[in-house]
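S.K.: Below is a structure I'd like to ask you about.
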Amino acid sequence: MAVSDQLTKLSARAKELEDRAAAASAKNKSDLEKDVAQARQAAQAQAAELRKSAENSKGQISAWWDSVQRSWNDHLKSVRDNVDEKKAAHDLKSAEKAADQADDDAVFAIDYAYAAIDEAEYAVLDAALARMEADDLAAAQSSGDS
């Protein structure tokens with residue numbers, strides 16, 4: 001998939017998230033629980049796809065990105081384990097604390113995604129520059145051969 005296509009897909013996904021987040025407060029608990037389960041399932045599928053992509057791209061992507069992907073997997077497991085533990089809490093004080101932490105986690109996840117987009121911008125522009133430099137070297141080499 002071309003970079004521009006991936007960016008279009010990312011933009012559409014962010015808009016979809018914005019719409020779903022806005023609609024969440026108007027839903028009943030049962031519907032919201034279903035949405036949460038579906039979102040978790042989708043996130044796990046996306047993480048699995050990212051792992052697969054990183055494995056298939058080994059040697060093509062930098063070791064740094066491979067390390068980031070592995071760290072992300074560890075982070076996701078930890079977050080999900082933490083969420084599952086908090087759901088077991090039944091008293092009001094624990095539930096309020098869990099809700100506050102879930103809000104903070106959501107804000108941080110959005111901040112993290114924003115930083116990831118900034119990093120993606122750098123990577124896209126750097127890739128374009130690297131391609132341009134390679135093309136310049138190829139052109140200089142072919143004109144020197146003539």
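S.K.: Is the stretch 9-146 rounded, prolate or oblate when judged by the Cα gyration tensor, a ≥ b ≥ c being the square roots of its eigenvalues, rounded requiring a/c under 1.5 and prolate requiring a/b larger than b/c?
M.R.: Prolate is the answer for the stretch 9-146, as a/c is 1.5 or above and a/b outweighs b/c.
S.K.: A further question on this structure: In whole angstrom, note down how far apart the Cα centers of the stretch 113-146 and the stretch 32-47 are.
M.R.: 36 Å
S.K.: Let me spell out the model: positive unit charges on the Cβ of Lys and Arg, negative unit charges on the Cβ of Asp and Glu, origin at the Cα centre of the stretch 1-125. What dipole size does that give, in debye rounded to 20?
M.R.: 440 debye
S.K.: Within 10 Å of each candidate Cβ there may be at most 11 other Cβ atoms; applying that plus a DSSP loop requirement, which trypsin sites (Lys or Arg not before Pro) in the stretch 1-90 survive?
M.R.: Numbers: sites: Lys9, Arg13, Lys15, Arg20, Lys27, Lys29, Lys34, Arg40, Arg51, Lys52, Lys58, Arg70, Lys77, Arg80, Lys86, Lys87; in loops: Lys27.
Within the stretch 1-90, no trypsin sites (Lys or Arg not before Pro) qualify (loop, at most 11 other Cβ atoms within 10 Å).
S.K.: A further question follows. Take the residue pairs Lys9/Lys97; Lys34/Lys93; Lys27/Lys93 and return only those whose Cα atoms are more than 27 Å apart.
M.R.: Violating the 27 Å Cα-Cα cut-off are Lys9/Lys97.
S.K.: Could you give the accessible area per residue of the chain, probe 1.4 Å, as a whole number in Å²?
M.R.: Here the per-residue accessible area is 81 Å².
S.K.: Here's another thing I want to ask about it. What is the angle, in °, between the Cα long axis of helix 3-24 and the longest principal axis of the Cα atoms in the chain? Nearest 10 is fine, range 0 to 90.
M.R.: On a 0 to 90 degree scale, this one is about 10.
S.K.: In whole percent, and with a 1.4 Å probe on the protein chains, what portion of the accessible area of the stretch 1-107 is carbon and sulfur? Kindly include the intermediate steps, with their values, before the conclusion.
M.R.: Working: 4720 of 8520 Å².
That share works out to 55 percent.
The values are calculated or read from the model by the stated rules, or taken from the named source; none is laboratory data. Keep in mind that this is a model prediction, so the values were computed, not measured. Counting neighbours? That spans all protein chains shown, and the Cβs are built from the backbone with ideal geometry, glycine included. Note: accessible area is taken over every heavy atom of the protein model, side chains too, but ligands, DNA and RNA are not part of it. Shrake-Rupley method; radii C 1.70, N 1.55, O 1.52, S 1.80 Å.
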